[in-house]
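First comes the structure, then the notes that go with it.
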Amino acid sequence: MTLPRFSEPVSASEKPETGGVFKIYSYADYLNPDVLKEFGKREGVEVKVTTFDSVDEAFSKLSTAGLEFDVIVSTPDQLSKLVGRKLLQPLNEELVPNLEKNIWEEIQSPFYDVGSRYTVPYVVYTTGIGWRNDKVNVDPAGLENGWNALWDATSQRGKTQLLDDKREALGMAMLREGQPNLNTASPELINIALAALNELAQNVRPKVQISAYETLPAGRITIGQLWSGDLLSGAISYLPKGTPASVMSYWYQAEGGPVFNDILTVAAASTKPIIAHRFLNYMMEPQVAYDNFVNFVGYQPPQKSLDAAKLFDEGILPKSLSNAVVTQEAYAAGNGFLTLTAEGEQAWEKAWSKFRAG
Amino acid sequence: MSAVPAEQAATSKPARRPGFSLGNPWSKPRWLTGITWVYILWSLLPVLLAIRVAFNEGRSRTAIDGWSLKWFFGDNSFSVFGDPALQDALTHSLLLAGLAMLIATPLGIMLAIGLQRWRGRGSGPANVVALLPLVTPELVFAVGLFLLFTTLLSTIGLGTTAQVIGHVTFSMSFVVVIVRGRLVTVGPDVEEAAADLGAPPLAVIWRVLLPLLAPAIAASLLIVFALSIDDFVVSQYLASGAETATVPMRIYAQARAAPLPSLNALATLMLLFTLLALVLAYGVFRFMTRGEKRGSAIEQIASIDSGGGR
Amino acid sequence: MGEGLVEVPGGLTMQERRIWGLFAAPGMVWLGLFFVVAFYAVISVGLGNINTLYQPIPYWNPLDWNVGYLVQAIESVVPGGQNWAVVVRSVIYILTAIIGALLIGYPVAYYASRHAGRWRGLVVVLLILPFWISYIMRMFAWTNLLAPDGYGSKILSALSIDSLFSSIGLLDGTDWLGGQGITVIIALIYGYVPFFILPLFASLDRIDQRVIEAARDLGAPPPSSFWRVILPMSKPGIRAGLVLVALPMAGDYYTQTLMSGSPSTSMIGNTINDYIQGGPDKSLGAAMTILLSVVLLFFMLYYLRTLRREQGEVAA
């Protein structure tokens, strides 16, 4: 869809702002601190990251609490709400040349933001099941419906994770029920998904959180619904001494499973719009994107020059987790979470809060 | 939360009769002694262990693992003074506590003196309002302030100012309880004498009452500091971004994942500041009330009961 | 507190009494704005509306009030409603936790007030300490102890307490942090029992030793003097202490998140926190807060009344 512009983008001829604090709103541990430090040094600003647990929480705080940031990390399904609420400012494409230069062609003008009026892509990911193969013996790929591996993990009760994200959690339940439309507004379909989640809560008792990139390597979680980048991030930064990365395995539904990307946006309230544009552009520099990915975040940037297969071959990333990166083909064939209709949003939200109330 | 009047422990301590003989059924039952000490161990050992882990050499936070100060001062980015986020949290906690202390104490003292003397229409509800924050669940209180600062007072908005206001609001009631307790101890005699000698009311307050209240004021300052630094719910609801995160907020956010001993180190530092404030409060109180009838200062502080989660 | 505490110094004119009212003014204005009006904001949002982007629009004028969300909130907490299970669970958790606090706290307070002898000072200090250690830090300490490789889990396992609890159905498996209701309850007891012990200690301490001696002199054996004299005299202290710890438990959400994190142990505080902080349903969250406050107001006033009566006694 083409999003409306409510104001003019900042002019490319303006001088960059100087000094002060540059504020980013993001998931926790989702940006490499060294990369941020380098950016701060380059632009002469102090970079501070404020974290949120879910994009719903982020939207709710941005819109009611009047929080002010320069750059906001978000997901495409939040985009029309963010734009509708005038929380974002339109981008000046002259200030983000790296989009065209370095990013996969299919995301240069993505369907959720035709012409990239408000967003540039950050990283791509799939949603699947991650587990500790030294503690639990499962094989989702061998099942007719791989998601059942999580529903069957009753022996791991209490040591499991469900993503704290209403779209991901209910969406997974839909796929497990063989219902591929992740953007349905149908109350019946949503209720079927809710029932499946309740069954999961009953039998497997998952923790509803997003910290498995720490808790899976630490062994506090043995199996759970994870984002692909969590496994690589866990392998890069959080494995205890003496535990090899090969104890972690990952599976995702190759056809029709969630594959998507997160986005970087410039906040309407930004007091440093030029630097914010420069930050977006900076994150799309091949070397920066590489450092951010390989040395910390574990989520892969959609960079033309990045050859993920080579990273596994060279042992820079653990080979056992090679399915935790997203190929361009998989991305193109992916199933994503899109903006819901108003009724749809309400129905999902209602089911989610019902689930959270146990 | 709240508030057993400060005096009760002191005023009516029973006279104890010495010399109960062994085998006397009135002597203390052993099992009570046992339960009490087991309880005390249970209540304090976990915290002591968490402190010990802060001094670990290794990364484990579930087991004792060598000795070092590296999680406090290490030059890597994982120590309290190496990780800007942890350091900011500590600074911000101290800032909030300092401001809350300086604002809540004078407001609370005036309120206590006023409520003690003021008779007339409105004084009844005023008394209830002054004490209600002590018993209001912190969540209700925090939701109220959150909605206030995001609607009617959105010009103030969330952030440090809102957090200070929140801390002042709940700790002011504690000051009222402490100061009123002291007002009861001091009694009206001295003031009346001063007034009878023709001193104008404000002079009575300034020259007579305030010096008499000094121990309670000192105790209030430090107790507000301790309440504020320990607070979690109000700080979290009124926070606006990374620069407004406090130590308890950091602990809460990271405890659910797999944190490093630096989180224990941060918690240890916070505890150190709280206890320092309390020991000071106790010392000052003892010093200033020396020579008075010996109500135990410990029990006075004991009786200022505070609410959960704070 | 209030009337009858201390006589107003003699000879004050009405005018002088009003001056004292002025003294209270700054504090009252502060509390009026940030406590009373803040709660009014909850009412205005809960009885307000939302716009098309799910943003709450408070209705400040009572004539405009819209009861839709309040009705929705009430419907959700009656049997069959979507929050019914949470309400039942919260009541069970809180009741169990305050009974636990009573069983642990009473003997401790009793010992400290009457039998600690020369250890009294030390015991009182040690009982006060937890009070001033941040609640979050005390919970954090337990998340380390109860981790599968933590000392707590190991001790409990060595004593076979985990298998004992499993066999009677209180614990599912052996992972104490794996979404277990019992862990949340124990954590609540651990967290709040200090707030019960100290007021109870003060109230037991006030019982005049002479009354007990009188009972003894009249030939009452220790157990009966306990049951017939001390316990009845400490009842108001017990009631007040239990109310005092039940109130914050009713608004607690962090204990559950830290010790379990599973929806199967959610409490009412979690529900409100999710509505207000997590998602778009702020109006519903505000309506739930109104409901909770109405239920708790009775207990809050009960406690304040006890407090006032006790202070009246002291002054007399």
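Listing for the model above:
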item	result
Filter pass, residue B:95 being under 30 Å from residue B:163 (Cα atoms) and either at the interface with another protein chain (Cβ under 10 Å from one of its Cβ atoms) or modelled with pLDDT of 90 or more (or both)	yes
Selection within region C:128-160 - assigned to a helix (DSSP H, G or I), more than 7 Å from chain B (Cβ to nearest Cβ), of a type in the set (A, V, I, L, M) and in contact (Cβ under 8 Å) with a residue 24 or more places away in the chain	C:139
Helices (runs of 4 or more DSSP H) (entirely within region B:136-225) containing at least 2 residues that are crowded, with 24+ Cβ neighbours inside 10 Å and in contact with a helix residue (DSSP H, G or I) (Cβ under 7 Å, 6 or more places away or on another chain)	B:138-150, B:160-186
Region A:154-186: number of residues that are surrounded by fewer than 16 Cβ atoms within 10 Å (Cβ to Cβ) and farther than 18 Å from residue C:264 by Cα	5
From the options A:254, A:332, A:351, A:268, residue that is over 30 Å from residue A:40 (Cα atoms) and crowded, with 19+ Cβ neighbours inside 10 Å	A:351
Enumeration of residues in region A:223-234 that are in a helix (DSSP H, G or I) and within 14 Å of chain B (Cβ to nearest Cβ)	A:230, A:233, A:234
Filter result for residue A:201 (in a helix (DSSP H, G or I), aliphatic (A, V, I, L, M), surrounded by 17 or more Cβ atoms within 10 Å (Cβ to Cβ) and assigned by TED's automatic domain parsing to the domain that holds residue A:231)	yes
Among the residues listed as B:126, B:100, B:54, B:112, the single one being touching a His at 6+ places or on another chain (Cβ under 7 Å) and crowded, with 17+ Cβ neighbours inside 10 Å	B:100
Verdict on residue B:40 being outside any helix (DSSP H, G or I), facing chain C (nearest Cβ under 9 Å) and modelled with pLDDT of 80 or more	no
Restricting region C:54-72 to residues that are buried (at least 20 other Cβ atoms within 10 Å of the Cβ) and within 12 Å of another protein chain (Cβ to nearest Cβ), the residue that is farthest from residue C:243 (Cα to Cα)	C:54
Output for region C:276-298, where each listed residue is at the interface with chain B (Cβ under 10 Å from one of its Cβ atoms) and modelled with pLDDT under 90	C:277, C:282
Condition met for residue C:257 (in contact (Cβ under 8 Å) with a residue 60 or more places away in the chain, part of a helix (DSSP H, G or I) and not aromatic (Phe, Trp, Tyr))	no
Counted residues, region C:247-261 - those being over 18 Å from residue C:288 (Cβ atoms) and more than 7 Å from chain B (Cβ to nearest Cβ)	3
Residue in region C:184-193 that is more than 7 Å from every other protein chain (Cβ to nearest Cβ) and over 18 Å from the mean Cα position of the chain (by Cα) present	no
Index of the failed condition, residue A:79 passing every other in (1) crowded, with 21+ Cβ neighbours inside 10 Å; (2) more than 19 Å from the chain's Cα centre (by Cα); (3) not in a strand (DSSP E or B)	(2)
Residue within region A:192-208 that is without any contact (Cβ under 8 Å) to a residue 40 or more places away in the chain and either of a type in the set (Phe, Trp, Tyr) or more than 10 Å from every other protein chain (Cβ to nearest Cβ) (or both) present	yes
Selection within region C:161-200 - within 29 Å of residue C:134 (Cβ to Cβ), part of a helix (DSSP H, G or I) and free of Cβ contacts under 8 Å to residues at least 60 places away in the same chain	C:161, C:162, C:165, C:182, C:190, C:199
Number of positions in region A:278-300 that are under 21 Å from residue A:92 (Cα atoms) and modelled with pLDDT under 95	0
Residue match in region A:88-99 (condition: under 20 Å from residue B:157 (Cα atoms), crowded, with 22+ Cβ neighbours inside 10 Å and away from chain B (no Cβ under 11 Å))	yes
Considering residues of region B:253-273 that are of a type outside the set (A, V, I, L, M, F, W, C) and touching a Leu at 6+ places or on another chain (Cβ under 9 Å) only, the residue farthest from the other protein chains (Cβ to nearest Cβ)	B:262
Number of the exception - residue C:203 against (1) crowded, with 24+ Cβ neighbours inside 10 Å; (2) of a type outside the set (A, V, I, L, M); (3) within 14 Å of chain A (Cβ to nearest Cβ)	(3)
Residue identified as in contact with a helix residue (DSSP H, G or I) (Cβ under 7 Å, 6 or more places away or on another chain) and modelled with pLDDT of 95 or more among A:201, A:185, A:196, A:212	A:196
From A:298, A:315, residue being on the phi > 0 side of the Ramachandran plot and free of Cβ contacts under 8 Å to residues at least 24 places away in the same chain	A:315
Residues of region B:158-194 satisfying the condition of being within 8 Å of another protein chain (Cβ to nearest Cβ), modelled with pLDDT of 90 or more and over 19 Å from residue C:28 (Cβ atoms)	B:158
Near pairs, Cβ below 7 angstrom, 6+ apart or cross-chain, from region B:60-82 (without any contact (Cβ under 8 Å) to a residue 12 or more places away in the chain) to any residue that is of a type in the set (A, V, I, L, M, F, W, C) and assigned to a loop (DSSP other than H, G, I, E, B)	B:62/C:147; B:73/B:81
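Yes or no, residue by residue, for (1) part of a loop (DSSP other than H, G, I, E, B); (2) more than 30 Å from residue C:275 (Cβ to Cβ); (3) more than 11 Å from chain C (Cβ to nearest Cβ); (4) in contact with an Asp or Glu (Cβ under 6 Å, 6 or more places away or on another chain):
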residue	(1), (2), (3), (4)
B:51	no, yes, no, no
B:59	yes, yes, yes, no
B:64	yes, yes, no, no
B:79	yes, yes, yes, no
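Yes/no matrix, rows are residues, columns are (1) out of contact with any strand residue (DSSP E or B) (no Cβ under 9 Å at 6 or more places or on another chain); (2) modelled with pLDDT of 90 or more; (3) closer than 22 Å to residue B:128 by Cα; (4) within 11 Å of chain B (Cβ to nearest Cβ):
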{"site": "C:1", "(1), (2), (3), (4)": "yes, no, yes, yes"}
{"site": "C:5", "(1), (2), (3), (4)": "yes, no, yes, yes"}
{"site": "C:9", "(1), (2), (3), (4)": "yes, no, no, yes"}
{"site": "C:20", "(1), (2), (3), (4)": "yes, no, yes, yes"}
{"site": "C:32", "(1), (2), (3), (4)": "yes, yes, yes, yes"}
{"site": "C:36", "(1), (2), (3), (4)": "yes, yes, yes, yes"}
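The values are calculated or read from the model by the stated rules, or taken from the named source; none is laboratory data. All values derive from a computational prediction rather than experimental measurement. Glycine also receives a Cβ, built like all others from the backbone with ideal geometry; neighbour counts cover every protein chain displayed.
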